[in-house]
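Notes follow once the structure below has been shown.
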Amino acid sequence: MSSIIEYNSLLSIGLILQEYIQDLLIPLARDVVSSTDFDSQNKKNQEILSDSDSNSDSDSYQGRLKARNFQFSYSTEKWIEAIKEHTFKTKILPINLQTIEALINAHKDLKKTGEISEEQKKTLEILKNQLSKEIKEIGGEAFIKLETRSPKDSVYEQPNSKAENFLFEKLLQVHQKKKLKINWKNKIFANDILKYFIHSTSQVLKVKNGQEALDLLINSSRIFTDLLRGSEFKNQDGSPYSSSIIIRKWEKIKSCYEFRGFVHNNKLNCISQYFDIVFYPVLLAQKSQIEKIIRDFHSSIIDPKLKHIYKDYVIDFALLKSKNQNGKITLNPICIEINPFHTLAGPCLFSWKDDRDVIMGQKPFEFRIREECLNDPLDNIMGFWNRKIKNEIFPAIISQDRQKWFRRIFLLIILFLVLFWTFYIRYKLLQNPQIRRK
């Protein structure tokens, strides 16, 4: 315990500053008094987008504690019971300080040496078995996260061989079926590649056992930061810090049907497509229908169940396709999760600064979707992914495509030689006088 506290005293300030002291979050950390104080939390949320000076005690222990409490006030455990019938099946696995320290140290081992020490592996063996059990009970496929954040940076923000393989196979399949002409200057082509990238990387976040879940958690800097930040403090009841791993049943969701909404004073003021760098033609055709579905879902179901918990929050929605009794395709809304109402929640096609009046409900409701392709879609993903797709994955696809054609040509040549030799031998035999007399 003492070693982790000493480490925190040296490193946590930098991590907290990196994560929290951004833009308008400074006054947030200063003024939020308690995660359990609803009125104070609402007051802070009302002030979050207001202008203020930059003086803050966010780099102090109390400032970091307030910021941590605010983040934890939106943890899954706080809202899951209220809307459990309208979100994914969820299981919560508590983890103690010993397990938390093992996850922190495993991440540090991995970054320093590329391997996890045997000591940490032994400690995490119990957690791995527990995760496998919970994943099996929930349906065999799951999405894993902490009570605060998910390990999605393990895929999107750093190299991941599993994601590379998924993407390669998907692009190869599409290339062979559609005979896509590779043209990076064609923005429609690049936009399609971006769709496949999002699909392939998302698949890596689906885990089927405890080992896959641990790999994501240990590789994630987001998980490491949240655990390290939390371990600096005790629980609110004075007990040693503990946390929870959230296991959620994996559902097949098309990326075009994920959305983010912004709620202030229990009013849904705006919605954006979630994957905002991609142009989805289907959204243009269904925009008005989707808006009505989501707004009705929030006002009639979600708001009545959450208004006694939060007044302000960022909410993620999904639409699941199904067929009704008449065989007609329907879009059924579901809540993915609830997020803190502050500037570190990605605004998608909105801006916390420029669209303040829309987000706060001072202007009419807006539903934003991307209505055309970006000029350079792939420039909006991490640079190493951009380079890998252009310089490694597609050259490999082209090479494999060429190899396939070479194999076909080789087989044709062999077939030609066999036929030629057969006819040649027959011709020679027929030229033999003895054979001709027979």
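Quick note: the coordinates plus some simple rules give every number you see, no bench work behind them. Keep in mind the model is a prediction, meaning the values are calculated, not measured. Counting neighbours? That spans all protein chains shown, and the Cβs are built from the backbone with ideal geometry, glycine included.
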Handout entry: Kirkwood hydrodynamic radius of segment 197-295, from inverse mean 1/r over distinct Cα pairs, in Å
Key = 17.2
Handout entry: Whole-Hz ³J(HN,Hα) from phi, Karplus 6.51 cos²θ - 1.76 cosθ + 1.60, for segment 68-85, glycine and proline x
Key = 5, 5, 5, 4, 6, 5, 10, 5, 3, 4, 6, 10, 4, 5, 5, 10, 4, 7
Fill in the blank from the handout: Mean separation of Cα contacts under 8 Å (at least 6 apart) over the residue count of segment 127-268, i.e. the relative contact order in percent, is 43
Fill in the blank from the handout: Karplus ³J(HN,Hα) for segment 91-104 (6.51 cos²θ - 1.76 cosθ + 1.60, θ = phi - 60°; Hz, whole; x = Gly/Pro) runs 10, 10, 10, x, 10, 8, 4, 4, 5, 4, 4, 5, 5, 4
Fill in the blank from the handout: Computed on Cα atoms, Rg of segment 169-211 relative to 2.2 N^0.38 Å comes out at 1.44
Exercise for the section: Scan around residue 367 for amide H atoms under 5 Å from its own, H built in the peptide plane at 1.01 Å from N, and keep only partners 5 or more places away or cross-chain. Expected result: 271
Handout entry: Estimated distance in nm for a label pair at residue 376 and residue 182, the labels positioned 7 Å out from Cα along Cα-to-Cβ
Key = 2.0
Handout entry: Cubic angstrom per residue, convex hull over Cα atoms of segment 141-208
Key = 105
Practice task
Pairs of Cα atoms under 8 Å, at least six residues apart: use those to get the relative contact order of segment 244-325, whole percent.
Solution key: 44
Exercise for the section: Can you pull a Stokes-Einstein diffusion coefficient for segment 324-365 at 10 °C (1.306 mPa s), Rh from Kirkwood over Cα pairs, as a whole number of µm²/s? Expected result: 119
Exercise for the section: Tabulate in residue order the Karplus-calculated ³J(HN,Hα) for segment 187-202, using 6.51 cos²θ - 1.76 cosθ + 1.60 with θ = phi - 60°, rounded to whole Hz; enter x for Gly and Pro. Expected result: 5, 5, 4, 5, 5, 5, 4, 4, 4, 5, 4, 4, 4, 5, 5, 5
Exercise for the section: May I ask for the Kirkwood hydrodynamic radius of segment 283-340, worked out over all distinct Cα pairs and given in angstroms to one decimal? Expected result: 12.7
Problem - Dipole of segment 255-380, positive end: most advanced residue of 343, 361, 299 [Cβ charges, Cα centre] - result: 299
Handout entry: segment 282-412: relative contact order in percent, alpha carbon pairs under 8 Å with at least 6 residues between
Key = 16
Problem - Label-point separation, residue 415 to residue 324 (7 Å along Cα→Cβ), nm - result: 5.3
Practice task
Sequence neighbours fewer than 8 away in the same chain don't count; with that in mind, list the lysines whose C-alpha is under 18 Å from residue 353.
Solution key: 44, 363
Exercise for the section: Sequence neighbours fewer than 8 away in the same chain don't count; with that in mind, list the lysines whose C-alpha is under 20 Å from residue 133. Expected result: 89, 91, 121, 122, 145, 206, 208, 249
Fill in the blank from the handout: Computed D for segment 255-380, Stokes-Einstein, Kirkwood radius over alpha-carbon pairs, 25 °C, 0.890 mPa s, to the nearest µm² per second, is 161
Exercise for the section: Could you check the simple spin-label distance between residue 351 and residue 169, using points 7 Å along Cα→Cβ, in nm with one decimal? Expected result: 4.2
Practice task
Name the residue farthest towards the positive end of the dipole of segment 128-277 from the options 173, 148, 269, assuming +1 on Cβ of Lys and Arg, -1 on Cβ of Asp and Glu, about the Cα centre.
Solution key: 173
